[in-house]
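**Student:** Before anything else, here's the structure in question.
The values are calculated or read from the model by the stated rules, or taken from the named source; none is laboratory data. Just so you know, these numbers come straight off a predicted model, no measurement behind them. Cβ atoms come from the backbone with ideal geometry, glycine included; neighbour counts cover every protein chain shown. Protein only, heavy atoms only, side chains kept; ligands, DNA and RNA dropped before computing areas. Shrake-Rupley method; radii C 1.70, N 1.55, O 1.52, S 1.80 Å.
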Amino acid sequence: MKLTSHQALEMIDAFRSERENTYWIDHSVCVGNAAGKIAKALSLDVDYVKTLGYIHDIGRSFKSEMDGVLSHAIDGYEYIKSLGYREEYAGICLKHSFLNHDINCLANDRDETDKNNPNYEFVKQYIQDEYSIYEKIINLCDLMCTTKVLTIDKRMIDLLLRHGVYAKTQYHIKQTCKLKKYFDQLLGFNLYDLFPEIKENL
């Protein structure tokens, strides 16, 4: 079943009255809208990528029995699947957290809870194939957005302050910069030019 950006936005907005912390909703709206701007500049399907952006963090609306990096990804994947939507919509819930289709390329530390998660091997295998350009856009926008659009440098600092520095941190930062450069080359200009508000958010 297809999911539109309008439906996706209604879906996440429905959680506002149910959860005290709605940061993830505002973040997801920012990611979807930013992704739409990049997609439009590349003549891609704007509604589709906005949809992926809006729902990528929907797993954060649930209280998982297990903590760790994988919990919200799995919860989101299972929720979207349970509603009968197509696999690619559920899949973004898993893929957005891991750059370079590598389960070890993430902003947080890999903890024992994750390793003991029964879904660990499933996620590791699920994300191993090359991501679509739409999934890569969500990867990048997730790393440019809080509830507003930032440079990746400022967003990396935000993540470092919240999560700390770990063995894989350098790997994750390098892949983030590589991904931004990839889109600069596709566009033929610095993608920050699409977001004049970045200057106000410095």
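**Student:** Please work out the Kirkwood hydrodynamic radius for the range 127-188, using every pair of different C-alpha atoms, and report it in angstroms with one decimal place.
**Tutor:** When all Cα pairs of the range 127-188 are included, the Kirkwood radius is 12.5 Å.
**Student:** Tell me which DSSP H helices of the chain clear both cut-offs, 24 Å or more of axial length from alpha-carbon atoms and a mean Kyte-Doolittle hydropathy of at least -0.5.
**Tutor:** 23-41
**Student:** Further, regarding this structure: Given labels modelled 7 Å from the Cα in the Cβ direction, how far is it in nm from Asn116 to Leu160?
**Tutor:** Label at Asn116, label at Leu160, 3.2 nm between them.
**Student:** Quick one: pull the percent of accessible area on the chain belonging to carbon and sulfur, 1.4 Å probe, ligands and nucleic acids left out. Write down the numbers at each step before the final one.
**Tutor:** Numbers: 4910 of 9910 Å².
C and S fraction of accessible area: 50 percent.
**Student:** Note down the net charge around Asn190, summing +1 for each Lys or Arg and -1 for each Asp or Glu among other residues with Cβ under 12 Å from its Cβ. Intermediate values should be presented prior to the final figure.
**Tutor:** Values: positive: Lys180, Lys181; negative: Asp184, Asp193.
Once positives and negatives cancel, what remains is 0.
**Student:** In addition: Output needed: Cys residues of the chain lacking any neighbouring Cys C-beta below 4.7 Å, sorted by number.
**Tutor:** If one checks each Cβ against the other cysteines of the chain, Cys93, Cys105, Cys141, Cys177 turn up with nothing under 4.7 Å.
**Student:** Given the -39500 (n - 2.57) contribution per DSSP H run of 4+ residues, what per-residue ellipticity at 222 nm results for the chain, rounded to the nearest 500 deg cm²/dmol?
**Tutor:** So the calculated ellipticity at 222 nm is -17500 deg cm²/dmol.
**Student:** Packing-wise, with mean Cβ within 10 Å as the measure, how do 28-39, 12-23 rank, highest first?
**Tutor:** On the way: 28-39: 23.3, 12-23: 12.0.
Those peptides, ordered most packed to least, come out 28-39, 12-23.
**Student:** Same structure again: Using 0.36 nm per residue, how much length does the chain from Glu200 to Ser82 gain when fully extended, once their Cα-Cα distance is taken away? Each step should come with its number before you reach the end.
**Tutor:** Values: separation 118, 0.36 × 118 = 42.48 nm, distance 4.04 nm.
Stretched out fully, the Glu200 to Ser82 stretch lengthens by 38.4 nm.
**Student:** Here's a follow-up. Hey, quick one: spin label on Lys124, modelled 7 Å out along Cα-Cβ, who in the range 168-187 has an amide N within reach, i.e. under 17 Å?
**Tutor:** Under cut-off, by backbone N: 168.
**Student:** How big, in percent, is the set of alpha carbon pairs in the range 1-103 lying more than 19 Å apart?
**Tutor:** Tail fraction, whole percent: 40.
**Student:** Okay, next question. If you split all Cα-Cα distances of the chain into 5 Å bins from zero, what percentages do you get per bin, shortest first?
**Tutor:** 1, 8, 16, 21, 22, 18, 10, 4, 1, 0
**Student:** Which translational diffusion coefficient, to the nearest whole µm²/s, is obtained for the range 75-171 from the Stokes-Einstein equation, given a Kirkwood hydrodynamic radius over C-alpha pairs, 25 °C and 0.890 mPa s?
**Tutor:** Approximately 169 µm²/s, per Stokes-Einstein.
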